[in-house]
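One structure is given below, encoded as structure tokens.
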Amino acid sequence: MTTPTFPFEATPEELLQNPESYVDAVFSCLESEFLVMPKGTGFITYPVFSEGYEALKSATSGFRNFSTEKVLSAVLRIPLAFLVLRTMLGFTPPEWGYVTSQRTGVSTPQGFIRTLDRKIRMRPTEPLNLSEGTSARIEALVETACRLIETGAPDVDGEHLHRLDKADTKHGAESVGTLADLGAPYAMLLYERFLGRPFAGHRDSVSELVGDGLESAIEGVLTAKGISFRKTKRAERLPGFDQTPDFVIPDEFAPKVVIEAKITEDDGTARDKVTRIQHLGELSILGRDPNDPKFEVIACIGGRGFGVRREDMKKMLLATRGKVFTLKTLDRLVTHTRLREYRTK
């Protein structure tokens, strides 16, 4: 007999007898697209970012006078200056909001500043039209940023590193102005890039879009075969599931097949997904004969993160009884799973 090539073609006994070959089979068709990212809505190009930079530079006399009044005026006129200011601090939106609340007493919850940050990304050059409450919060944010930049990094003990101990903010406004005039030393620029990972913020903001490509492909397969399915939303709760799968077939009231989908370039995230899939596998046989699970668990994966740990892949194969698919093998998703019982086309 010919040995099946992929784990979804194997019996549970074959998986147990020769798991390494099936791990190799999955690894061989994992694809990584970490060099290319979707822009997504609200992506800021450099020429647009530069407008905010120049507006802030002009308002602060070449970054040497961080007057709250002048910076606030620039932010209200060209909102992108707000994002440039945050980039100088090196803070995430919630971090800036937290420090502002502590230093000024003006409540600046992370939901507010996340929404503001996104609003500016969507309309970066459209002047802000603010309510009284919003205006007070933005003024508090700008005031906090100006004071932090003016002061620079305070001394800390040798076991710690202050977040403002950067080439452009270490010595306050003086170091910002100097770098703006002379340009950053290339070694320092590379060092700070080393600490911060290029495109890290953007990668985080579009991580869901990366996963959407795989989920859209799964939807396409199910729809083409006329299979009823329920695609769940983020953080949605379903009865009978303490963790919600990405797809339930035919629905959550009588689940017969569940699908977990994930693309990741990070092995830690991959391990978390393996743990989720293992838990779904345990839930499917809870109080039942292991050979007669309540529902079938399918994993659809992509990205180099899943190709790092062989032991994790073995766990996934056993938890799904071999039903692990990638974008390259998605065309066999219906044929080799219980999904074939629900096709109408």
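The values are calculated or read from the model by the stated rules, or taken from the named source; none is laboratory data. Because the structure is a prediction, the values reported are computed rather than measured. Neighbour counts are summed over all protein chains in view; Cβ atoms, including those assigned to glycine, are modelled from backbone coordinates with ideal geometry.
Can we say residue 214 is in contact with a Gly (Cβ under 8 Å, 6 or more places away or on another chain) and crowded, with 17+ Cβ neighbours inside 10 Å? Steps first, answer last, please.
Details: in contact with a Gly (Cβ under 8 Å, 6 or more places away or on another chain): yes; crowded, with 17+ Cβ neighbours inside 10 Å: yes.
Spelling it out, residue 214 is indeed in contact with a Gly (Cβ under 8 Å, 6 or more places away or on another chain) and crowded, with 17+ Cβ neighbours inside 10 Å.
Within the range 297-337, track down each residue that is polar (S, T, N, Q) and part of a helix (DSSP H, G or I).
The answer is 320, and nothing else.
In the set 174, 192, which member is of a type in the set (Asp, Glu), surrounded by fewer than 18 Cβ atoms within 10 Å (Cβ to Cβ) and within 19 Å of residue 92 (Cβ to Cβ)? Only one candidate passes the filter, namely 192.
It is to be established whether one or more residues within the range 221-233 are surrounded by fewer than 16 Cβ atoms within 10 Å (Cβ to Cβ), in a helix (DSSP H, G or I) and modelled with pLDDT of 90 or more. Among the residues of the range 221-233, at least one is surrounded by fewer than 16 Cβ atoms within 10 Å (Cβ to Cβ), in a helix (DSSP H, G or I) and modelled with pLDDT of 90 or more, which makes the answer yes.
Within the range 18-39, residues that are at pLDDT 90 or above and among the β-branched types (Val, Ile, Thr) have Cβ atoms under 8 Å from residues that are assigned to a helix (DSSP H, G or I) and loosely packed, with under 15 Cβ neighbours inside 10 Å in these pairs: 23/310, counting only partners at least 6 apart in sequence or on another chain. The condition (being in the same structural domain as residue 180 (by TED's automatic domain parsing) and either surrounded by fewer than 14 Cβ atoms within 10 Å (Cβ to Cβ) or under 30 Å from the mean Cα position of the chain (by Cα) (or both)) is satisfied by just one residue among 40, 90: 90. Among the residues of this structure, residue 103 does not count as one that is of a type in the set (Lys, Arg), surrounded by fewer than 18 Cβ atoms within 10 Å (Cβ to Cβ) and either modelled with pLDDT under 90 or more than 19 Å from residue 164 (Cβ to Cβ) (or both). Residues that are of a type in the set (Val, Ile, Thr) and within 15 Å of residue 89 (Cα to Cα) were ranked within the range 132-171; the one that is surrounded by the most Cβ atoms within 10 Å (Cβ to Cβ) is 142. Is it the case, given these coordinates, that residue 114 is in contact with a Gly (Cβ under 6 Å, 6 or more places away or on another chain) and either part of a loop (DSSP other than H, G, I, E, B) or surrounded by fewer than 20 Cβ atoms within 10 Å (Cβ to Cβ) (or both)? For residue 114, the condition - in contact with a Gly (Cβ under 6 Å, 6 or more places away or on another chain) and either part of a loop (DSSP other than H, G, I, E, B) or surrounded by fewer than 20 Cβ atoms within 10 Å (Cβ to Cβ) (or both) - is not met. For the range 37-52, indicate whether the set of residues that are out of contact with any helix residue (DSSP H, G or I) (no Cβ under 9 Å at 6 or more places or on another chain) and in a loop (DSSP other than H, G, I, E, B) is non-empty. Taking every residue of the range 37-52 in turn, at least one turns out to be out of contact with any helix residue (DSSP H, G or I) (no Cβ under 9 Å at 6 or more places or on another chain) and in a loop (DSSP other than H, G, I, E, B). Scanning the range 61-94 for residues that are of a type in the set (A, V, I, L, M, F, W, C) and under 23 Å from residue 170 (Cα atoms) gives 63, 66, 71, 72, 81, 82, 83, 84, 85, 88, 89, 91.
Evaluating residue 52 against the criteria (1) of a type in the set (Gly, Ala, Ser); (2) crowded, with 17+ Cβ neighbours inside 10 Å; (3) without any contact (Cβ under 8 Å) to a residue 24 or more places away in the chain leaves one unmet condition, (3). Check whether at least one residue in the range 70-85 is in contact with a Phe, Trp or Tyr (Cβ under 9 Å, 6 or more places away or on another chain) and either over 24 Å from residue 201 (Cβ atoms) or not aliphatic (A, V, I, L, M) (or both), and report yes or no. No, that holds for no residue.
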